[in-house]
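None of the figures in this text is laboratory data; all of them are computed from the coordinates on show. Since this is a predicted model, take the numbers as computed values, not measurements. Because the Cβ atoms are built from the backbone with ideal geometry, glycine has one as well, and the counts that use them run over all protein chains shown.
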Amino acid sequence: MQQRLHDKVAIITGGAKGIGLATAQRFAAEGAKVMLADVNLEAVQKAAASLAGAEAYAINVTDRTSIQAAIEMIMQRHGRIDILINNAGITQDARLIKMTEAQFDAVIDVNLKGVFNCTQLVAPYMLEAGKGAIVNASSVVGLYGNFGQTNYSASKFGVIGFTKTWARELGPKGIRVNAVCPGFIATEMVKAMPTAILADIERRCWLGRLGTPAEMANIYLFLASDEASYVNGIALEASGGISL
């Protein structure tokens, strides 16, 4: 059977761990040339070394110079970028009354402007090729909001707005843009939450558990592959039914 991403060049931001790393592993298994990007160079180099054909790039999504330098190197080595997975993200939670401006700005800069930066810099190469697939990491919190996450919710709502807009702008040029809205996934970031809160999340989820990074990677794979060739502009919730 033909590998679903055979010879595709895919950039995955936030690729050193969690959903990003699981996606990189899934993409590599399906034949992609995986360009792992992360602000933590040592961690991303270690992740890339574990995958056949993967390359590591130090990218801070808030720093356009670092993004452009990596893109130019990828283009020199491979001549194209077929897939962009905007996965990098952070949290700095606090209730509205207690949230500092620095906490708000940091999350917006990485989760929202970082997606803008990477997409704006990659898109011209996809436009020149007349094809491409972009998948943005939103969140179930970007659909319904969440207590203590003013900044995170705003950033993930914004990512859906990006997705809907870019699907209109880039779709006619052969570039599909979609978003994934994961629920609570068993990443390091989520597992660091208090035990009582995690137990409540599992209780409210109709599948009775947290999701896994591998399950999210399967969704990214579908949206990035030609199997989703007529899917454009969606925000796919993958939350185990927690919103029901």
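A few remarks follow.
- DSSP bridge orientation in the chain - percent antiparallel, rounded to nearest 5: 0
- Alpha-carbon radius of gyration plus Dmax, which is the widest Cα pair, for region 83-186 in Å: 14.4, 48
- Pairwise label distance in nanometres, A102 with E42, each label 7 Å out on the Cα-Cβ vector: 2.3
- Entries in K33/K131; K46/K164; K113/K191 that, when Cα-Cα distance is taken, lie over 28 Å: K46/K164
- Tail fraction, Cα-Cα pairs, region 1-72, threshold 14 Å, whole percent: 52
- Packing here is the average count of other Cβ atoms within 10 Å per residue, and on that basis the peptides 157-166, 178-187, 221-230, 19-28, highest first, run 19-28, 178-187, 157-166, 221-230.
- Judged by the mean number of other Cβ atoms found within 10 Å, the most tightly packed of the peptides 89-101, 37-49, 188-200 leads the ranking 37-49, 89-101, 188-200.
- Cα-derived Rg to Rh of region 105-244, Kirkwood definition: 1.00
- Take the Cα of T195, step 7 Å toward its Cβ, do the same at K113, and the gap between the two points is 4.0 nm.
- Principal axis dimensions, region 162-233 - Cα atoms, whole angstrom, descending: 48, 22, 22
- Kirkwood radius for the chain, taken over all pairs of different Cα atoms as the inverse mean of 1/r, rounds to 17.9 Å.
- The chain: angle of helix 213-224 to the longest principal axis, Cα-based, in degrees nearest 10: 40
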